[in-house]
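*Asks:* After the C-alpha cells below, expect a handful of questions from me.
Readers should treat all values here as calculations from the given coordinates under stated rules, not as data from a laboratory. Please read these numbers as outputs of a predicted model, since none were measured by experiment. Here the Cβ positions follow ideal geometry from the backbone for every residue, glycine too, while neighbour counts run over all protein chains shown.
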Amino acid sequence: MEILLIRHGDPDYANDALTERGIVEAQQLAAGLSEVPIDRIYASPLGRAQATVAPTAEAKGLAPITLDWLRERGIKRGPVYLWEAPGSMFLREEALPGPHNWFLDGGAMPEGAEQSARVRAGFDGLMESLGYAREGHGYRVVRHSEERVALFCHKGVIMTMLGDALHWPLPALFVSLQIHPTGVTRLEMVEEGAFAHWKALAINDLSHLGSTLLAPPTRS
C-alpha cells in the first residue's frame, strides 16, 4: 500500500482558512493528482485542511473522512513552534537526542510528548484498519493491501508521522526538513513475508505547483 501525506495550502491562520494563494494551490494539487489513483481520503478537522482536501475529494468522487488525531496542536518553546526551531536548539549537543529521552522532563523536547503519542496511536489505528498491525519497529501483515490512501493535514503532524514511520530523530527532523504548503510526501509499505515497514518514495513534492514555486511559500 501507499500513503500520501499532504500539507494544507497556504494558510490564513487567523481565520483557519486558506489565503487566495492557498486556494489556487489546492486547485493545482487536485489537478496534479488527477492521474494518481486514490482509494481513501482522510483529513484533519481544521478549516485549512478541509479547504485543501475539497477540490481533490470532489475530483476523485470520494467523501473525505475526518480524523481528529490529524489536527495540529502547537508544540512551542516560548514563541517558537518546534517544527520551525533553529538548528542551534537541538544540534549543538555532542550526540543527537535519542527516542528514549526526546519527551522526558529535561530531555530534548518534552513539549512534544502529547502530540507524538496522539499521532502515533491514531496512525497505528488507521494502519491496523487497513491491514497492518504495529509490531515492534515495523508491522505485521494481517492482510495485503494495494490501496493508496491520502492524509490531508499539517506540517508538524506530517513530520511526527515521518519520525515514527522512518525512525528519524524527531528533533533533528524538525530543524532539518521543510514541508511546504500542499507538499506531497509518499510512503510505500514494503512487505517481507509477514513483516512490513515503510520506505519513503518522495518528500515534499511540489511539482503540481509549476511556476508558483518561484514565489516564496509561507514558512509556518
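*Asks:* Provide, as a two-decimal number, the C-alpha radius of gyration of region 121-220 over 2.2 N^0.38 Å, N being how many residues it has. Before the final figure, lay out each step's value.
*Replies:* Values: Rg = 15.0 Å, N = 100, 2.2 N^0.38 = 12.7 Å.
Rounded to two decimals, the normalised Rg is 1.18.
*Asks:* Over the Cα atoms of region 16-140, each weighted equally, I'd like the Debye log10 I(q)/I(0) at q = 0.10, 0.12, 0.14, 0.17 Å⁻¹, rounded to two decimals.
*Replies:* -0.47, -0.67, -0.86, -1.08
*Asks:* Follow-up. Longest segment of the chain with no trypsin sites (Lys or Arg not before Pro) in a DSSP loop having at most 13 other Cβ atoms within 10 Å? Display every interim value, and only then the final one.
*Replies:* Details: sites that count: ARG73, ARG92, ARG143, ARG219.
Looking at the chain, 144-218 is the longest stretch - no exposed trypsin sites (Lys or Arg not before Pro) with at most 13 other Cβ atoms within 10 Å.
*Asks:* Around LEU62, what is the net charge, scoring Lys/Arg as +1 and Asp/Glu as -1 over all other residues with Cβ under 10 Å from its Cβ? Please list the in-between numbers first.
*Replies:* On the way: positive: ARG40, LYS60; negative: ASP39, GLU58.
In short, 0.
*Asks:* Which value at 222 nm does the chain reach when only helices count, each DSSP H run of 4 or more adding -39,500 (n - 2.57), with the total divided by all residues and rounded to the nearest 500 deg cm²/dmol?
*Replies:* Numbers: 5 runs with 63 residues, N = 220.
Taking each H run of at least 4 residues, the total per residue is -9000 deg cm²/dmol.
*Asks:* Let me ask something else. For a Förster distance of 45 Å, can you work out the FRET efficiency between the beta-carbons of VAL80 and GLU192, rounded to the nearest 0.05?
*Replies:* Details: r = 40 Å, r/R0 = 0.89.
Here the calculated transfer efficiency is 0.65.
*Asks:* Taking the Cα centroid of region 6-46 and of region 132-156, what is the distance between the two, rounded to the nearest whole Å?
*Replies:* The two parts, judged by their Cα centres, are 21 Å apart.
*Asks:* Something else now. Stokes-Einstein diffusion coefficient for the chain at 4 °C in a medium of 1.567 mPa s, Rh from the Kirkwood formula over Cα pairs: what value in µm²/s?
*Replies:* Numbers: Rh = 17.9 Å.
So the translational diffusion coefficient is about 72 µm²/s.
*Asks:* Take GLU111 and ASN15, extend 7 Å from each Cα along the Cα→Cβ direction, and tell me the distance between the two endpoints in nm.
*Replies:* Between GLU111 and ASN15, the simple spin-label model gives 2.8 nm.
*Asks:* Now, a different point. What is the chain's relative contact order, in percent, from Cα pairs under 8 angstrom and six or more apart in sequence?
*Replies:* Details: 396 pairs, mean separation 66.6, N = 220.
It comes to 30 percent, rounded to a whole number.
*Asks:* Looking at the chain only, what percent of DSSP beta bridges run antiparallel? Nearest 5 please. Mind showing how you got there, number by number?
*Replies:* Values: 23 of 35 bridges.
For the chain, the DSSP antiparallel bridge percentage is about 65.
*Asks:* Starting from region 4-97, pick out the GluC sites (Glu not before Pro) whose DSSP state is loop and whose Cβ has at most 14 other Cβ atoms within 10 Å. Working shown, then result.
*Replies:* Working: sites: GLU20, GLU25, GLU35, GLU58, GLU72, GLU84, GLU93, GLU94; in loops: GLU35, GLU72, GLU93, GLU94.
Within region 4-97, the qualifying GluC sites (Glu not before Pro) (loop, at most 14 other Cβ atoms within 10 Å) are GLU35, GLU93, GLU94.
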